[in-house]
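Asks: My structure is below; once you've seen it, I'll send some questions.
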Amino acid sequence: MSESQPEPVLAVSGLRRSFGGVKAVDGFEITIAPGEFVSIIGPNGSGKSTTVNLISGVLKPDGGVILVRGKRIRPGRPEYAAAAGIARTFQNGRVFGNMTVRENVDVGLQTTLRASRPLRVLSGIPLLRWVSLLAELFLALAPTPAVHAERKSAAAHIDAQLARFEERLGPRADHAAYTLSYANRRRTEIARALASEPDLLLLDEPAAGMNQTETAEIGRQLAELKAQGQTVLLVEHKMDLVHELSDRVLVLDEGRVIAQGTPDEVLADPRVIEAYLGRSRAGKETAHA
């Protein structure tokens, strides 16, 4: 790979997934360069969240190849996607309600631990998983100096992630997540995803359910991530957010990419207008333009 063309963070080709007779994702392809902020948009049911679930290993594809930094990842296994450098948030928001905000963020660090999880490679092997668990239990009860140092480093790292949302999450760091507002749960989920310093951050509608003020705040925080060089794949319905943040936009309809380009190019594409508005309404708006 030449210096002018760095190795892609993500390269996906021929990704497919059907549910019964419905092709939810049909031949999806994407390449994302380091530091690029790419968004996927499309009408409801177009396959956006399914695509993210396939890339992150939550769902197993019917076919296709997913490469992270040039290495093929095992499909349908989220732990392998996480170990490869992919972190994500979910469309409906997922936090551990009975854990504190700080503990939730700590969960995001698990794939980065070395001293505390020396046999983590065995955790994916059913017959040997217990060996890994016993080693982790022993080190939790009798931590070595290396484990103490790792815990200290982890605590500092958690503080750094919470500082991204200091005004909102700082005073609530030791509160149980179930006591948080909806917006603060979403912020906690993003902080948890960032804890592992992922090569690729997948955000599935992070502003869903937020009001205008909350959306603007999330937009500023995502803009800071972009400025820091974080590679992001965003799924989002709020077009102002997509337009403001995206280097490139892909449009899905019925599981296929129907357009891609800069935000301005995509939003002016007649195929995109038709997908969102429907053929008859799009024709009426064109006639009255």
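The values are calculated or read from the model by the stated rules, or taken from the named source; none is laboratory data. Since this is a predicted model, take the numbers as computed values, not measurements. FYI the Cβ positions are ideal-geometry reconstructions off the backbone, even for glycines, and counts take in every protein chain you see. We work out accessible area using only protein heavy atoms, side chains counted, and drop any ligands, DNA or RNA first. Shrake-Rupley method; radii C 1.70, N 1.55, O 1.52, S 1.80 Å.
Asks: Need at least 2 residues that are open to solvent by 60 Å² or more (accessible area, probe 1.4 Å) and polar (S, T, N, Q) per element, so show me which helices (runs of 4 or more DSSP H) inside the stretch 199-271 make the cut, counting only ones lying wholly within it.
Replies: 212-227
This table checks each residue for (1) without any contact (Cβ under 8 Å) to a residue 60 or more places away in the chain; (2) open to solvent by less than 50 Å² (accessible area, probe 1.4 Å); (3) out of contact with any Leu (no Cβ under 8 Å at 6 or more places or on another chain); (4) under 27 Å from residue 143 (Cα atoms).
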residue	(1), (2), (3), (4)
54	yes, yes, no, no
87	no, yes, no, no
106	no, no, yes, yes
118	yes, no, no, yes
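One line per residue, one yes/no per condition, for (1) in contact with a strand residue (DSSP E or B) (Cβ under 9 Å, 6 or more places away or on another chain); (2) buried (at least 16 other Cβ atoms within 10 Å of the Cβ); (3) at pLDDT 80 or above:
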position: 98; (1), (2), (3): yes, no, yes
position: 102; (1), (2), (3): no, yes, yes
position: 109; (1), (2), (3): no, yes, yes
position: 114; (1), (2), (3): no, no, no
position: 133; (1), (2), (3): no, no, no
position: 143; (1), (2), (3): no, no, yes
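Asks: Which condition breaks for residue 82 when tested against (1) at pLDDT 95 or above; (2) open to solvent by less than 70 Å² (accessible area, probe 1.4 Å); (3) more than 24 Å from residue 241 (Cβ to Cβ)?
Replies: Looking at each condition in turn, residue 82 falls short on (1).
Asks: Pairs only if they're at least six apart or on different chains, beta carbon under 7 angstrom, first in the stretch 1-18 and modelled with pLDDT of 95 or more, second aromatic (Phe, Trp, Tyr); list them, first residue then second.
Replies: Pairs that qualify, where the first residue is modelled with pLDDT of 95 or more and the partner is aromatic (Phe, Trp, Tyr), are 12/28; 15/28.
Asks: Another one. Could you please find all residues in the stretch 67-79 being buried (at least 17 other Cβ atoms within 10 Å of the Cβ) and either modelled with pLDDT under 95 or touching a helix residue (DSSP H, G or I) at 6+ places or on another chain (Cβ under 7 Å) (or both)?
Replies: 68, 73, 75
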